[in-house]
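In what follows, a single structure is set out as structure tokens and then discussed.
The values are calculated or read from the model by the stated rules, or taken from the named source; none is laboratory data. None of these values were measured; they are calculated from a predicted model. Methodologically, a virtual Cβ is constructed for each residue, glycine included, from the backbone with ideal geometry; neighbour enumeration extends over all protein chains shown. Areas reflect the complete protein model, heavy atoms only, side chains present, ligands, DNA and RNA absent. Shrake-Rupley method; radii C 1.70, N 1.55, O 1.52, S 1.80 Å.
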Amino acid sequence: MQIDQPQPPRRSRIVPVIVGRLALSILLGLGIVAGLSWSGVIAIPNRLKPFTPLRIADDVGWLTRLKLSRLERDGEQCRAVLADSSVSHRSVPDRPLEQGCGLSDAVEVSRSLVGLSREFTATCSLTVAWALFEAHVLRPAARQHFGQDVVRVTHFGTYACRNVNHRANGRRSEHATANAIDIAGFVLADGQQITVKSDWTGSNARRSAFLRTLRNGACDFFDVVLSPDYNEAHHDHFHFDMGPYRACR
């Protein structure tokens, strides 16, 4: 007597067909939207256009970091973004790398949306990230926590030909190419001085909350953000850089 063997279930073709039709519909929809936008029938905000240049004044969105990262590879576009910003700056000559230290596509910044304790020289992309941080994090946070503006930022500088954490050996710091800035404190419109050293873990809860808002918000723009939570070397300042690594501590 022959016993029928169970047949393997047939692979359903319904799901692939549905997925294919859905993908086609999405592509057609995107094509229609792109066409209407190109012809001017509908207006799409710049922040939602993946191929248009970054603008400091645009609301921050999911494309902001993508557009910012492009500027690290496109000096001409980076300088165009700065030219359309409130950053007072001038280009500085390149300085070829010698023993890991030098300048490339850098600018000297004298003022931006707020005053600075002194001028600084930084890569163009770091300067754009700083301008974004000021506009979308620093100033809103000051108004949120204190109801007033920040009028000056105190910093420890940008360019320094040295290794990480001033070690005698090891890799060069991002400061060695002016691709990092160390921020020590802030002065409010009423004269209050808020410093990372005194207020990160100080008795004034509002100041501590303000500093943490800045640290967290900076991570949206800078590749590396280090605070006193990272190590003792940063007990008195924030470190922001646009290096090859990602960290928010």
Which of 129, 218, 57 moves the most in a Gaussian network model of the chain with Cα springs under 10 Å? 57
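Got a sec? What order do 21, 215, 167 fall in by accessible area at 1.4 Å, biggest, i.e. largest, first?
Final ranking, largest accessible area leading: 21, 167, 215.
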Skipping prolines and chain starts, which residues have an amide H placed within reach, meaning under 5 Å, of the one on residue 103, given they are 5 or more residues away or on another chain? 95
How much net charge surrounds residue 218 when only the other residues with a Cβ under 15 Å from the Cβ of residue 218 are counted, with Lys and Arg +1 and Asp and Glu -1? -1
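For residue 74 and residue 233, what is the calculated FRET efficiency with R₀ set at 45 Å and r taken between the beta-carbons, to the nearest 0.05?
0.85
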Match the structure shown to one of the listed values (1) 59, 47, 34; (2) 76, 38, 32; (3) 92, 56, 46 of Cα extents along the principal axes in Å, computed from it, and give that label. (3)
The long-range amide H neighbours of residue 156, using H built 1.01 Å from N in the peptide plane and a cut-off of under 5 Å, are 182, 183, 184
Helix 205-218 versus the longest principal axis of the chain: what is the Cα-based angle in degrees, 0 to 90, to the nearest 10? 60 degrees
Unpartnered cysteines of the chain (Cβ-Cβ under 4.7 Å counts as a partner)? none
Quick one: check the C-alpha center-to-center distance for the range 64-110 versus the range 187-249, whole angstrom. 23 Å
Where nothing but the Cβ of Lys and Arg (+1) and of Asp and Glu (-1) is charged, how large is the charge dipole of the chain around its Cα centre, in debye to the nearest 20? 660 debye
Rounded to the nearest 500 deg cm²/dmol, what is the calculated helix-only ellipticity per residue at 222 nm for the chain, with -39500 (n - 2.57) per DSSP H run of length n ≥ 4? -9500 deg cm²/dmol
